[in-house]
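These notes concern the structure reproduced below.
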Amino acid sequence: MATERPYDGPAIVRAYAREPDWMNFTPGYVDAMSEDGSGNVWIAHRSAGLLRVSPDREVVALPWAKLGHKDSASRVIADADRGGVWLGFLLEGVSYVVGSDVKERYTSASGLAAGRVSDLRLDREGAVWVAAAGGLSRIRNGRVATLSARSGLPCDSVDWSIEDDADSTWLRTTCGILGIPKAELADWAAAVDRGTDARPLFHGTLLDNADGARSSAALSSFSPLVTKAWDGKLWFVAVNGLAALDPRRLRRNPLPPPVAIEEVIADRVSYPREGSPIRLPPLVRDLQINYTALSFVAPEKNRFRYRLEGRDRDWQDAGTRRQAFYTDLRPGDYRFRMTASNNSGVWNEAGTSLDFSIAPAYYQTAWFRLAGVAALAGLLAALYRLRLRQVTRQVRMRMEVRLDERERIARDLHDTLLQSVQGLILKFDAVGKRIPRGDPARQAIEETLDRADEILVEGRDRVRSLRGSAAALGDLPAAFQRIAKEAAQGGATTFQSVVEGRARDLDPTVLEESFSIGREALLNALAHSGALHVELEIAYDARQFRLRIRDDGRGIDPEVLDRGGRSDHWGLQGMRERARRIGANLELWSRPGAGTEVELKVPAATAYRSARAAATTSWFRRSAGR
C-alpha cells in the first residue's frame, strides 16, 4: 500500500504513486493537470515530462524530448471523445498525444498563434481553441485558423477564452476583456471551413481599465485561469485576486455613433470642406485627414476604420486614432471613407466619405508624357537615320574599293594578259603562214589559233564585265542599253527595253547583283541564242523589284537546265548564287526552239532603300558584317 504523505510542494505525484515508483521522480514544478474519460490523470511536470497516473496508481513518464520538445507543456486538456490529450507548450506549439505517441503537431509554421500557450479549451463541436501570445487559434479536423489584431482583435496576446450561457465567446487580452457575439464568431468559423479568406470586423464588447478590467500582466501560470459559475458569471484570475463578470448584466450601447471628417491638411496647409471635391495642389507629399465619432458615453473607446479608394485595397484598422496619414500620393481623384464603433462595438455601417483630387505637375500630365514619347521617338528616328547614313557610307566605300579593284584587274588583264595572248596569236599566225598548205602541222596550228581567238573573245567579255559595274553608271536601264550596244548583236537581232513604274533607288548590293544577273542573261541572249528579238523588262513594283529578259532564240537544252548548266561553264550557277545572296527569287524558263526567259524578283523590303526600317536595318547589318 502506498503511504499517504503531507503535500510537500509541486511534486504532488508522490501522494498517489506506489512507493517504488514515486521515489524515482525528481521533485519539480507542475504546470497543469487533467483527467481523461478513463480516470487517468495527466500531469505536466517540468523536469520529469508528461506523467500519466492510472486509477490503480501506476505512473508512466514520457520525457519531453520523446514528444519532440525541448520545453515543457504549460497546459494539458483531455479529449474524452478521441481518447487522447492536448498539450500546449511554454515556448510555442500544440501537440495531440494518444498513449505514448504524438499523433498531431502544430506550430506557427502551420498557422498556429505564435508564442507561449496560456490556455486550451474544447468546444461542443470538438474544436480546440488555443490562447497564445500571438492570438487565438482554432484547430478542427487538422485545419488551423488564427484570430489576431490583423483579423479584428484589439491586440494579439490572448490569455484565455470561454463561452458564456449565450454561447458568446469571451477573451482576455492585454488590451482588456473582449466579448464576441456567437453569430459573429460562427460566420468567421464558417468562412474558415469553406476555405475562404475570413477577415471579420468584430462587433464585440471591449472592457478595459476604465471598466475595471485590469491588465493581464504577470498572471499566475496555474490553471484554470477562468471558469463559469452556476449562475452564469465568469470568474477569472486578476493581478491581485479574483474578478467576476456577469455577461447578462452588461449595459450595451445600441446606438451607432455619428461620424464626421473634420479637416484635410496637405503639407501643413488646412483646406476647408465647403466644396466637393477638395482640389489639392500638385506635389502633395504629406496628407493628414482628421475624423471623429460623436459618442458621449465613452468616447475614448470609439474605434475607427478607414479606406482611401484609389490607394488602399482593404480597410485600415486605426484603433482609437483619429487621424489618417498618407505620403507621396499620385495625382488623381480619391475618395476617403471611414466608419467607427461605439464603446459596445456597434459600428456605423453607413460611415461617411470625402472626395478630393490632387492636381498633376506639368511633368505628370498626359500631354507631357506624350511629348516625351514623341521626343524619344524623334531621337530614335534621328539616331536611326544617322546610323543609316554611317552604314550606307561604309557600304559605298566598300563598293568603291571593289570597283577600283575590278577596274585595276580589268586594266591588268587588258594591258598584260590579253595583249600578250594577242601577240602570241599573231606570232603563231605568222609562223603558220610559212608552212605549206595541206601540211598537217599548218592545219593543227590554224585550229589552235581558232581556239585561241575564242579564248581571247571570252577574256575580253570578262574584262567588259569587270568594267561594266552598274554602281558606276548609277542608272540600271541605261547600263543595260550600253551592254546591248557593245555586244555583238548580228544583223537581224533587235533589242527593246521596257521600264514599268516610277524608278526608285535600289539598295547598292541589290543594284550590283541584279545588274550582274541581267548582264549575264542579256549577253547570252544576244551572243549565243540566235534570237531575232531580245526584250528587257524592269518593273519597280510596290511589293517587289522585277527584272525579266526573254528572247525567241533556240532555247536551252533541258538536260543542261536539269544539271544547272554546262560543265566548265558557270553562268547559270553564278546567277543563282547572286540571287540567293540578296534573298531574291530567280526563275528560268526555256524550251528548245521557243526561246528563253529569265526573271528575277526581289522583295521590296530588300530591294528599295525606302523599304521598311526593320528589313533595311537588318540588311545593312548583314552588309556591314561582310
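Every residue in the stretch 260-304 that is aliphatic (A, V, I, L, M) and not in a loop (DSSP other than H, G, I, E, B), please. Give the derivation first.
Initial filter on the stretch 260-304 (aliphatic (A, V, I, L, M)): 260-261, 264-266, 269, 278, 280, 283-284, 287, 289, 293-294, 297-298.
Those that are aliphatic (A, V, I, L, M) and not in a loop (DSSP other than H, G, I, E, B): A260, I261, V264, I265, A266, V269, I278, L280, L287, I289, A293.
Can you go through S529, S590, S516 and tell me which one is small (G, A, S) and part of a strand (DSSP E or B)?
Working: S529 fails: part of a strand (DSSP E or B); S516 fails: part of a strand (DSSP E or B).
Within the list S529, S590, S516, the selection yields S590.
Among the residues of the stretch 355-378, count how many are part of a loop (DSSP other than H, G, I, E, B), more than 29 Å from the chain's Cα centre (by Cα) and loosely packed, with under 15 Cβ neighbours inside 10 Å.
The first filter runs over the stretch 355-378 and keeps only residues part of a loop (DSSP other than H, G, I, E, B), leaving 359-361, 365.
From what's left, more than 29 Å from the chain's Cα centre (by Cα): 359-361.
Then keep just the ones that are loosely packed, with under 15 Cβ neighbours inside 10 Å; that gives 359, 361.
Residues meeting the conditions: 2.
Residues to consider are V94, V144; find the one that is more than 24 Å from A166 (Cα to Cα) and assigned by TED's automatic domain parsing to the domain that holds S34.
Working: V144 fails: assigned by TED's automatic domain parsing to the domain that holds S34.
Just one listed residue meets the conditions, V94.
For the stretch 514-532, give me the residue count where each residue is out of contact with any Gly (no Cβ under 9 Å at 6 or more places or on another chain) and surrounded by fewer than 19 Cβ atoms within 10 Å (Cβ to Cβ).
Final tally of qualifying residues: 0.
Could you list all residues from the stretch 219-244 that are out of contact with any Lys or Arg (no Cβ under 9 Å at 6 or more places or on another chain), of a type in the set (S, T, Y) and modelled with pLDDT of 65 or more?
The one that is out of contact with any Lys or Arg (no Cβ under 9 Å at 6 or more places or on another chain), of a type in the set (S, T, Y) and modelled with pLDDT of 65 or more: T227.
Condition check ((1) within 27 Å of L90 (Cα to Cα); (2) part of a strand (DSSP E or B); (3) modelled with pLDDT under 75) across all residues:
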residue: L171; (1), (2), (3): yes, yes, no
residue: G179; (1), (2), (3): yes, yes, no
residue: A183; (1), (2), (3): no, no, no
residue: D187; (1), (2), (3): no, no, no
residue: A198; (1), (2), (3): no, no, yes
residue: A210; (1), (2), (3): no, no, yes
residue: A217; (1), (2), (3): yes, no, yes
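Answer yes if at least one residue in the stretch 599-611 is over 48 Å from the mean Cα position of the chain (by Cα) and either among the charged types (D, E, K, R) or modelled with pLDDT of 80 or more (or both), and no otherwise. It would help to see each step written out before you state the result.
Initially, the stretch 599-611 is screened for residues over 48 Å from the mean Cα position of the chain (by Cα), giving 599.
The next check asks that each one be either among the charged types (D, E, K, R) or modelled with pLDDT of 80 or more (or both); those that pass are 599.
There is at least one residue in the stretch 599-611 that is over 48 Å from the mean Cα position of the chain (by Cα) and either among the charged types (D, E, K, R) or modelled with pLDDT of 80 or more (or both).
Checking the conditions here, which among R252, R307 is surrounded by fewer than 15 Cβ atoms within 10 Å (Cβ to Cβ) and either assigned to a loop (DSSP other than H, G, I, E, B) or without any contact (Cβ under 8 Å) to a residue 60 or more places away in the chain (or both)? Show your work before the answer.
Details: R307 fails: surrounded by fewer than 15 Cβ atoms within 10 Å (Cβ to Cβ).
One residue alone meets the criteria, R252.
Out of the stretch 310-331, which residues are of a type in the set (A, V, I, L, M, F, W, C) and either surrounded by 15 or more Cβ atoms within 10 Å (Cβ to Cβ) or under 18 Å from A350 (Cα atoms) (or both)?
The first filter runs over the stretch 310-331 and keeps only residues of a type in the set (A, V, I, L, M, F, W, C), leaving 315, 318, 324-325, 329.
Result: W315, A318, A324, L329.
Do we have any residue at all in the stretch 97-118 that's over 28 Å from R52 (Cβ atoms), touching a helix residue (DSSP H, G or I) at 6+ places or on another chain (Cβ under 9 Å), part of a strand (DSSP E or B) and not aromatic (F, W, Y)?
Taking every residue of the stretch 97-118 in turn, none turns out to be over 28 Å from R52 (Cβ atoms), touching a helix residue (DSSP H, G or I) at 6+ places or on another chain (Cβ under 9 Å), part of a strand (DSSP E or B) and not aromatic (F, W, Y).
State whether one or more residues within the stretch 333-354 are surrounded by 11 or more Cβ atoms within 10 Å (Cβ to Cβ), in contact (Cβ under 8 Å) with a residue 24 or more places away in the chain, farther than 30 Å from N253 by Cβ and in contact with a strand residue (DSSP E or B) (Cβ under 7 Å, 6 or more places away or on another chain).
yes
What are the residues in the stretch 65-86 that are in contact with a strand residue (DSSP E or B) (Cβ under 9 Å, 6 or more places away or on another chain), surrounded by fewer than 21 Cβ atoms within 10 Å (Cβ to Cβ) and in a loop (DSSP other than H, G, I, E, B), if any?
Selection gives A65, K66, L67, G68, D71, A80, D81, R82, G83.
The values are calculated or read from the model by the stated rules, or taken from the named source; none is laboratory data. Small disclaimer: the values here were computed from a predicted structure and weren't measured. Virtual Cβ from ideal backbone geometry, glycine too; neighbours counted across all protein chains shown.
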